[in-house]
Structure formats: structure tokens, C-alpha cells
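**Q** Sharing a structure, written as C-alpha cells. Questions coming.
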Amino acid sequence: MFDMGLFQSLKNLSRWSAPNEVLTPIRSPWSSSDLVKVVIADLEGVERLDMSRSVAMMVPSVARGRGLICGLLSRHPLTLTDENGPTGPAGWMVSTQTAQSPRMRMLWTFDDLIFSGVSVWAVDRDGDDEVIDGLRIPPDKWTLTDGELVVDGRKPRPDEVCIFEGPQEGLVVIAERTIRAALDIEKAWANRVKVPVPLVALHGTDANFELTPEEAADLVAKW
């Protein structure tokens, strides 16, 4: 149990206070699928680098898509809903006493859902157990394995956190092959720019046909 409560211990945490890295898979780091990736990489003889948010953001289309989605959706605050429909946002949804503004809190929550499929908040409650404030926790400060959440090395109480789960796993899992392929294409293009004229080796296939030095030079020039 936290001595001063999870929310109070993280209250001054901002987006920039710690790295925001997301490795794959965030839901279960020791899943069999991760071991399969290692085996396949060894069999194919290719270098295997851990897929992460920072690697995915190196793909221009991913970065642009993330910017459009998070930038647009973060303008709209959360809202309360009952059996009759939306009732409007609560005070803590549009204001906060933490170092994160409500918009940045939502922006990075959507970022988490895009790349890892899960986002975690620390929440503060009043005497009636009603939520009065929320703080998005950077992924490098928590792990969620087989349904067990650990924040900053400790297990929080259920009333101290709110877990947002997306409709599917994040891009670092479901789009790993596509992201790597995009980076490989960019790498090949960059190498071609560095060496615009490819090296070519010309070989004669007729063992009975020998070119004179002059003929060989003329063939190379024509090529």
C-alpha cells in the first residue's frame, strides 16, 4: 500500500519528467509471441531490434497519423454519461491540479492507446470515493502483465488507478512488420542517394569468346 497515495506521489509528474518509451508487447512482455520473433529472426539471419514507439515514430506516415489523431481528439474532454446519455464533463475532466494540462493528459492517453493499446491514470478521490482529479502515467513507470499492474515498482490499490484499454493491441505489436519494412525501404533509398551510381560486375558467359582489351573497354563504355 502506498504511504501517501499513488496520485499524491505522482502529482507533480509531467509528460517530460521521464522517457515515454513503449516496448512490445506491453500487455505481456514474456508472451510466447515474443519468443517466436526471436526464433524467426535467428532462422532468417536478420538483426532483431526491439520494436518501440520511438522506432515506429521514425516512419513519417506513422508520425503524421499520430499527430492528426492525437491533436484532433485531445481537443475534446471526457464527458460523463448515465442511462439517459451524456451529461457533460465533470470539473476534473476540464481542469487539474497536476503538472499536466487536461489537453496534454488526453493527448498522451491517445498516444498510449495508439502505440501500446493501454493507458494508465492515477486518480484522486474525495471522501465519497468520487474521482476529483486524474494524472496520466508514462508507460516507462508501469507494467501490465497477465492482468497484474505494477506502478513504479509497487502494486496500486484498484481505487488508485484507471486503466484505459483500446479495441486492439498497439501499433508496436500489430504493425511491427510493416514498420520495419517502411524503415528498410527508407534505408535502401538513403543508401542509393549516397551511392547514386550502382556498382556493376560484367561477366562473359561464353567461355570460347574472349574480348581484346579494346573491345572490353568499348563494352564497358557502352554499358
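**Q** From the residues in the stretch 133-163 that are within 27 Å of residue 91 (Cα to Cα) and among the charged types (D, E, K, R), which one is surrounded by the most Cβ atoms within 10 Å (Cβ to Cβ)?
**A** 136
**Q** Where residues in the stretch 82-97 are modelled with pLDDT of 90 or more and β-branched (Val, Ile, Thr), which of them is most open to solvent (accessible area, probe 1.4 Å)?
**A** So, considering only residues that are modelled with pLDDT of 90 or more and β-branched (Val, Ile, Thr), the one most open to solvent (accessible area, probe 1.4 Å) is 94.
**Q** In the set 150, 195, 131, which member is free of Cβ contacts under 8 Å to residues at least 12 places away in the same chain and in contact with a strand residue (DSSP E or B) (Cβ under 6 Å, 6 or more places away or on another chain)?
**A** 150
**Q** Of all residues in the stretch 164-178, which are open to solvent by less than 70 Å² (accessible area, probe 1.4 Å) and either touching a residue at least 60 places away in the same chain (Cβ under 8 Å) or assigned to a helix (DSSP H, G or I) (or both)?
**A** 170, 171, 172, 173, 175, 176
**Q** I'd like the full set of residues that are assigned to a loop (DSSP other than H, G, I, E, B) and out of contact with any Lys or Arg (no Cβ under 6 Å at 6 or more places or on another chain), limited to the stretch 124-156.
**A** Looking only at the stretch 124-156, we keep the residues that are assigned to a loop (DSSP other than H, G, I, E, B), and these are 126-130, 138, 146-147, 152-153, 155-156.
Residues satisfying the conditions are 126, 127, 128, 129, 130, 138, 146, 147, 153, 155, 156.
**Q** From the list 73, 80, which one is of a type in the set (A, V, I, L, M) and farther than 27 Å from residue 53 by Cα? If you could, list the steps in order and put the result at the bottom.
**A** Details: 73 fails: farther than 27 Å from residue 53 by Cα.
None of the others qualify; the one that does is 80.
**Q** Would you be able to tell me the number of residues in the stretch 111-132 that are among the charged types (D, E, K, R) and open to solvent by less than 10 Å² (accessible area, probe 1.4 Å)?
**A** Looking only at the stretch 111-132, we keep the residues that are among the charged types (D, E, K, R), and these are 111-112, 124-126, 128-130.
Those left that are additionally open to solvent by less than 10 Å² (accessible area, probe 1.4 Å): 111-112.
So the answer is 2.
**Q** Is one or more of the residues making up the stretch 98-110 in contact (Cβ under 8 Å) with a residue 60 or more places away in the chain, over 20 Å from residue 177 (Cβ atoms), open to solvent by less than 50 Å² (accessible area, probe 1.4 Å) and under 18 Å from the mean Cα position of the chain (by Cα)? Outline the logic, then answer.
**A** The first filter runs over the stretch 98-110 and keeps only residues in contact (Cβ under 8 Å) with a residue 60 or more places away in the chain, leaving 98-100, 104, 108.
Cutting the leftovers down to over 20 Å from residue 177 (Cβ atoms) gives us 98-100, 104, 108.
Subsequent filtering for residues that are open to solvent by less than 50 Å² (accessible area, probe 1.4 Å) retains 98, 100, 108.
Still in the list and also under 18 Å from the mean Cα position of the chain (by Cα): 108.
Within the stretch 98-110, one or more residues are in contact (Cβ under 8 Å) with a residue 60 or more places away in the chain, over 20 Å from residue 177 (Cβ atoms), open to solvent by less than 50 Å² (accessible area, probe 1.4 Å) and under 18 Å from the mean Cα position of the chain (by Cα).
**Q** Which ones in the stretch 59-81 are under 23 Å from residue 174 (Cβ atoms) and exposed (fewer than 15 other Cβ atoms within 10 Å of the Cβ)?
**A** 60, 61, 63, 64, 65, 67, 68, 71, 72, 73
**Q** Exactly one condition in (1) of a type in the set (D, E, K, R); (2) open to solvent by 70 Å² or more (accessible area, probe 1.4 Å); (3) at pLDDT 50 or above is false for residue 11; which is it?
**A** (2)
**Q** Give the residues of the stretch 179-215 that are in a loop (DSSP other than H, G, I, E, B) and open to solvent by less than 90 Å² (accessible area, probe 1.4 Å), sorted by residue number.
**A** Going residue by residue through the stretch 179-215, those that are in a loop (DSSP other than H, G, I, E, B) are 195-212.
Hits for the stretch 179-215 are 195, 198, 200, 201, 202, 204, 206, 211, 212.
**Q** Farther than 26 Å from residue 54 by Cα and either part of a loop (DSSP other than H, G, I, E, B) or of a type outside the set (Phe, Trp, Tyr) (or both): which single residue out of 87, 109 fits that description? Before the answer, list the steps.
**A** Details: 109 fails: farther than 26 Å from residue 54 by Cα.
Step by step, each of 87, 109 is checked, and only 87 is farther than 26 Å from residue 54 by Cα and either part of a loop (DSSP other than H, G, I, E, B) or of a type outside the set (Phe, Trp, Tyr) (or both).
The values are calculated or read from the model by the stated rules, or taken from the named source; none is laboratory data. The shown structure was predicted, so the numbers you read here are calculated from the model rather than taken from an experiment. Virtual Cβ from ideal backbone geometry, glycine too; neighbours counted across all protein chains shown. Just so you know, the surface numbers come from the protein's heavy atoms only, side chains and all, with ligands and any DNA or RNA stripped out. Shrake-Rupley method; radii C 1.70, N 1.55, O 1.52, S 1.80 Å.
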